[in-house]
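The values are calculated or read from the model by the stated rules, or taken from the named source; none is laboratory data. What you see is a predicted model, and the numbers here were worked out from it, not measured in a lab. Reconstructed Cβ throughout: ideal geometry from the backbone, glycine too, with neighbour counts over all protein chains shown.
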Amino acid sequence: MSNSNSLSAALNDKIVNEAFEIARRNRTGVLATIGMGAPIRPYEGYKQSWTDAYKGADAVTVSQAHTAGVTTLTVVDTSVLRPGMLIANFEEVIYVSSVTDATTAVIVRNIGGTTAAAILNNAVLTIDSVGRAENSLAAEDNLYQPELTENFFQTMDTTINMSRRALATLQYGDTNDLQFQLQERLRQLAINMDRMLIRGRRFTQGAGDSLISYSGGIKFYNDQAGAIKLAGGGAAMTLTLINNLNEQIVLQGGTTNSIAVSVAKARDIHAIIRANYDSQRLSDWSSDEGSVFQLPSDMPLIGNVNNIVIDSNLADTEILMYDSTKMQIVPMASANGSDGGQWRTVDATAKGQDGESTRIIGDFSVVCRQSKSHMGILNGLAP
């Protein structure tokens, strides 16, 4: 059949992108809770990056015992110490006069009327504050540490085929077959994108024109050093375990608004909440038909409430807690469709084909900002 493009005309970029957004939003899962970001131009052909900032160390660990009169402090690492810093040894306040080398610093005891006390080996001394002299030079305060985070773009695609006879009905206004195919193909793309978001692993295979790049997802970034992971130890899920995960996120300066679980774990949460809250409190976090859709924190001053998200890509032994505003799926700016830079359509009709084919293709990557402070996973629970 000649390439009359009747199929291509019915499946332009605008139509496909609008239909995909509907399919994405209608899915249950983490993908439906995050945003689609603005197109990003890649570097090296397939990479994109962002800058994260994390809370610096707020304590220093002592490496040997000290008596109350000692004025040279020996620690594991002095990189977090600065002259003018105040650190606490229980009720004693200690002034850091100077940093001698990688493990020792000169200190002044009995600051502010406090009484010097023995410092135990392996004691963790909290950093209280840092003071600067008048007209002092600039110095890093170590409060927040910038970190460049990288991810790769991943190409995703599907194809819609219509025979010559199906195209004939399309020309007379019967779009049922086309709409069914489009909805099913886009639904599958949304499922695959959700898998990439949660389970994707950042790596490449091949080289040159045969290079295949894959985007890292939530679990990939949660496996990096410094990420928040708690072990359930085979225990049954409890509100205490869930709130312990929330506490670790808060201690790192993070916040959350969502908790994602499998279907089985969602049922467990439903049962736990109904067993632990009275009917008046329960109504605040339940929908009209009685299903629980929110989970409150037990930290009164934080008071965050997490929306419960069901996602089949999570195991029955794990819980994901995250801030949906820190995550995005971003399209590649220079490769995707003209309408918003998401999906593009390409005529894929083969020579001699008795019908037409249209390929829907796009390059996408996961952005997971501040993954070491606004996201955490509790795993190893009893299924």
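Things to note:
- Of the criteria (1) within 18 Å of Ala59 (Cβ to Cβ); (2) not aliphatic (A, V, I, L, M); (3) not in a loop (DSSP other than H, G, I, E, B), which one Ser97 fails: (1)
- Residues that are buried (at least 16 other Cβ atoms within 10 Å of the Cβ) and at pLDDT below 55, drawn from the stretch 254-305: Trp285, Ser286, Val292
- Yes/no for Val60 being at pLDDT below 95 and either farther than 30 Å from Arg202 by Cα or assigned to a loop (DSSP other than H, G, I, E, B) (or both): yes
- Test: residue in the stretch 244-261 that is farther than 22 Å from Pro331 by Cα and more than 19 Å from the chain's Cα centre (by Cα): no
- The residues in the stretch 79-96 that are modelled with pLDDT of 95 or more and among the hydroxyl-bearing types (Ser, Thr, Tyr) can be counted, and the count is 1.
- If you go through the stretch 229-253 and keep only what is part of a loop (DSSP other than H, G, I, E, B), small (Gly, Ala, Ser) and at pLDDT 90 or above, you end up with Gly232, Gly233, Gly234, Ala235, Ala236.
To keep it simple, each residue is scored yes or no on (1) of a type in the set (Gly, Ala, Ser); (2) at pLDDT below 80; (3) not in a strand (DSSP E or B).
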{"residue": "Ala133", "(1), (2), (3)": "yes, no, yes"}
{"residue": "Glu140", "(1), (2), (3)": "no, yes, yes"}
{"residue": "Met162", "(1), (2), (3)": "no, no, no"}
{"residue": "Leu182", "(1), (2), (3)": "no, no, yes"}
{"residue": "Arg187", "(1), (2), (3)": "no, no, yes"}
{"residue": "Arg201", "(1), (2), (3)": "no, no, yes"}
{"residue": "Phe220", "(1), (2), (3)": "no, no, yes"}
{"residue": "Gly226", "(1), (2), (3)": "yes, no, yes"}
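- Tyr144, sole failed condition from (1) in contact with a strand residue (DSSP E or B) (Cβ under 8 Å, 6 or more places away or on another chain); (2) at pLDDT 85 or above: (2)
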